[in-house]
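Colleague: Encoded as structure tokens, here's the structure I'll be asking about.
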Amino acid sequence: MAPPLALITGLKGTVITPDERKFFRAANPFGFILFKRNCAGRAQIKKLTDDLRTLTGRADTPILIDQEGGRVARLRPPEFAPLPPMQVFGDLYQKNPARAKKALTANVQIIAAELYALGINVDCIPVLDVPARGANNIIGDRAFSRAPAIVAALGAVAVDAALAAGLIPIVKHIPGHGRAACDSHLSLPTVTTPLATLEKTDFAPFHALRDAPWAMLAHVRYTALDQKLPASLSLETIAYIRAQIGFSGVLIGDDLSMKALRGSYQSRAEKTLAAGADLALHCNGDLRQIEKVAEGCCEISTDSARRIRAARACLGAPTAPNIAELLAQRDKLLVS
């Protein structure tokens, strides 16, 4: 099989189709991302993740999911644990920081235990965006707080808890999506705020968590860094993220099928990797689009492979905690 492509891709449904199997075997994407459409129950999900790893021949193949809580949770009750939005922990932090950290740690331990049992080893958490008043609500209560210091403090708790439980977290959406006036799923947000202000607010949590293992780039244009391109395609913005924010981990682009971007799928992939992202991401499971994205992807570079190894080296040993006990502990901390 060919060396892995610098690509994380979605798939259509709850099983690998024959056409997907043929393509994945030939192209060898580095990893996969699951959505609600791919998840029909514990046994089915575990079989799917096992099948994907059998197909790649790599036991450590990254399989991602967005399991934040609140509005963004691909796995939901009653089969899976109820997860509050992250703002709940930020609100508690303002009253009792220690209790908020304990509650969030238990929450992430619940997520990690459930995902590990399913063969999912990467979660796109935590959101480090700082919502600005008047911004689009695409972030909203997915964020911990409007206070950068609280976002940074709780973000660090979430990252540490995930890593300790054997789960790779992806901080997002670097360098910050909270000020966007529109939803990047639908159009390209442009932020004209001066750099000095951004560094004190939007960028601050990412600087504080610059040692996180992975981060997801924002489809947001920051005119203080690049007048034309969103962060996800901008050589200048990614250079700033590396040098000034100081992030040295794995950078993955946000979904290439989002309407914030223009141009062919091949060119979108080419541009995000040429700008300095380690991995391209395509989520909607449309195989025709995935094939075009793959044409724009190169093999994983030496530097990217080094960053990926460093991220894996941060992982603790997964455990099998009592989820019911963790739920009770978390909920007691949230309401007491």
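Colleague: Kindly put Thr56, Thr237 in sequence by how many other C-beta atoms sit within 10 Å of each C-beta, fewest to most.
Modeller: Sorted ascending by nearby Cβ count, the order is Thr56, Thr237.
Colleague: Name the longest site-free stretch of the chain, where the excluded sites are trypsin sites (Lys or Arg not before Pro) in a DSSP loop with no more than 16 other beta-carbon atoms within 10 Å. Display every interim value, and only then the final one.
Modeller: On the way: sites that count: Lys12, Arg58, Arg71, Arg133, Arg146, Lys228, Lys259, Arg262.
Here the longest run is 147-227.
Colleague: Within a Cβ distance under 9 Å of Val250, other residues only, what is the Lys/Arg minus Asp/Glu net charge?
Modeller: For residues surrounding Val250, the net value is 0.
Colleague: Anyone know which of Asn96, Asn121, Asn137 comes out most mobile in the 10 Å Cα GNM of the chain?
Modeller: Result: Asn96 has the largest fluctuation of those listed.
Colleague: Using a 10 Å cut-off around each Cβ, can you sort His207, His185, His282 from fewest to most neighbouring Cβ atoms?
Modeller: His185, His207, His282
Colleague: Hey, another quick one. Of Lys228/Lys259; Lys36/Lys271; Lys46/Lys271, which pairs sit farther than 25 Å apart, going by alpha carbon to alpha carbon?
Modeller: Checking Cα-Cα distances, Lys36/Lys271; Lys46/Lys271 exceed 25 Å.
Colleague: Chymotrypsin sites (Phe, Trp or Tyr not before Pro) within region 197-291: which are DSSP loop residues with at most 11 other Cβ atoms inside 10 Å?
Modeller: Values: sites: Phe203, Phe206, Trp214, Tyr222, Tyr240, Phe247, Tyr265; in loops: Phe203, Phe247.
Sparse-neighbourhood loop chymotrypsin sites (Phe, Trp or Tyr not before Pro): none present.
Colleague: Right, something else. Among the complete DSSP H segments of the chain, which ones combine at least 30 Å of alpha-carbon extent along their axis with a mean Kyte-Doolittle hydropathy of 0.0 or more?
Modeller: Values: long enough: 97-118 (32 Å, 0.49).
What comes out of the filter, once short or polar helices are dropped, is 97-118.
Colleague: Place a +1 charge on the Cβ of each Lys and Arg in the chain and a -1 charge on the Cβ of each Asp and Glu, then give the dipole magnitude about the Cα centre in debye, rounded to the nearest 20.
Modeller: My answer is approximately 300 debye.
Colleague: Would you list Ile168, Ile138 from fewest to most Cβ contacts within 10 Å?
Modeller: Ile138, Ile168
Colleague: Among bridges DSSP assigns within region 5-335, what percent are antiparallel (round to 5)?
Modeller: 10
Colleague: Taking Cα centroids, how far is region 211-268 from region 1-78 in Å?
Modeller: 24
Colleague: Return the calculated 222 nm mean residue ellipticity for the chain, to the nearest 500 deg cm²/dmol, obtained by summing -39500 (n - 2.57) across DSSP H runs with n ≥ 4 and dividing by the residue count.
Modeller: That comes out to -12000 deg cm²/dmol.
Colleague: Here is a further query. Whole-Å semi-axes of the chain's equivalent ellipsoid, largest first, each the root of 5 times a Cα gyration tensor eigenvalue?
Modeller: Gyration-tensor ellipsoid for the chain: 28, 26, 17 Å.
Every number in this text was worked out from the coordinates using simple rules, so none of it is lab data. Model, not experiment: these values are computed from the prediction. Methodologically, a virtual Cβ is constructed for each residue, glycine included, from the backbone with ideal geometry; neighbour enumeration extends over all protein chains shown.
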